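Asker: One structure coming up, written as structure tokens, with questions to follow.
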Amino acid sequence: MCMNKKMDKKRFFKKIITLVAAGLIVGCAASPKPEPSRTALGKWHSQNINADGSKADWPGSAPQYKDSEIDTKIWISNNAEQLCLLAEVNDPGIARQLTQNGLILSMETGEKNAKPFSIQLKCHASFKLPDTLVVTYPFSSGPVTMSMTEARTTGIALGLTEAGRHTLIFEAVISLDAIFFDVPRIAGAVMNIALSAKSNSFAIKRRENLEGKKHDRPKGESPDQGSSDTSHGPGKPDDMKQTKASDDPFRAAVEITLAGPAK
């Protein structure tokens, strides 16, 4: 009898160990792969770059970040006083994420006990800047909300435009004094820069509302009846492409080394 009890206990513990091991394997398999690290050198610029959402004053060099799958490019340059960033997003789904969900630009310099410097733009219905932005400084007690005019006086200038159909251009010109505190901001300093969209809770809520409206449609009414937007016509490839916005939050990250003056 005792031997049977011992055997039952052994079988029980063996089952528990097997289940835990299986759970760990499944958990590891389901874990997202870490984002590949992209390293690049910054470009020194001597000419003036304005944060107006235009590529006209940028030199025609290759972008430091390029992802053909989501059709996104990022250029980064600096001089002794400023860091400049230009992002071009040609994917309509990603462009909509960045405008409707909200945009975050973060910069980390590796300073001890410092939070990443970050700029957050709240969601907006169109390809234009909102009235305010939220800034987190490396050693601040918390985020600071300020107007675009106030931001410019502190050395933060931004631009956001729609260049062509569903192509987003985002531009930032930021004083290095706003980003660096204790670490020397010299050529060779390394920064981790990321451009991302905020969580898609806004998009989910909007989609739920639209789906609710579909269920409320009177019997016998076709899906196209009652729609006020018929400018492109149903079923066109452009419209279909717009409806395929990814539910995965967009994030483009690069490790950049600040450039020195051209010799």
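Laboratory data are not the source of any read-out in this text; all were calculated from the coordinates shown. The model shown is predicted, which means the values in this text are computed figures rather than measured ones. Positions of Cβ are backbone-derived with ideal geometry, glycine not excepted, and every protein chain shown enters the neighbour counts.
Asker: Let me confirm something: among Ala114, Ala87, which residue is touching a Phe, Trp or Tyr at 6+ places or on another chain (Cβ under 9 Å), part of a loop (DSSP other than H, G, I, E, B) and farther than 14 Å from Ser175 by Cα?
Answerer: Within the list Ala114, Ala87, the selection yields Ala114.
Asker: Give segment 73-117 a look and list any residue that's under 18 Å from Arg38 (Cα atoms) and small (Gly, Ala, Ser), or say none.
Answerer: Correct list: Ser77, Ala87, Ser106, Gly110.
Asker: Of the residues that make up segment 140-163, is at least one among the small types (Gly, Ala, Ser), within 18 Å of Asp57 (Cα to Cα) and not in a strand (DSSP E or B)?
Answerer: yes
Asker: Criterion first (free of Cβ contacts under 8 Å to residues at least 40 places away in the same chain, over 16 Å from Ile179 (Cβ atoms) and out of contact with any helix residue (DSSP H, G or I) (no Cβ under 8 Å at 6 or more places or on another chain)) does Lys122 satisfy it?
Answerer: yes
Asker: Can you say whether Lys122 is under 18 Å from the mean Cα position of the chain (by Cα) and loosely packed, with under 15 Cβ neighbours inside 10 Å, as far as the supplied structure shows?
Answerer: no
Asker: Looking for whichever is out of contact with any Cys (no Cβ under 9 Å at 6 or more places or on another chain), among the basic types (Lys, Arg) and under 16 Å from Ala163 (Cα atoms) here; the options are Arg96, Arg38. Which one fits?
Answerer: The unique qualifying residue is Arg96.
Asker: Hey, can you tell me all the residues within segment 61-78 that are part of a loop (DSSP other than H, G, I, E, B) and within 21 Å of Leu258 (Cβ to Cβ)?
Answerer: Passing the criteria: Ser61, Ala62, Pro63, Gln64.
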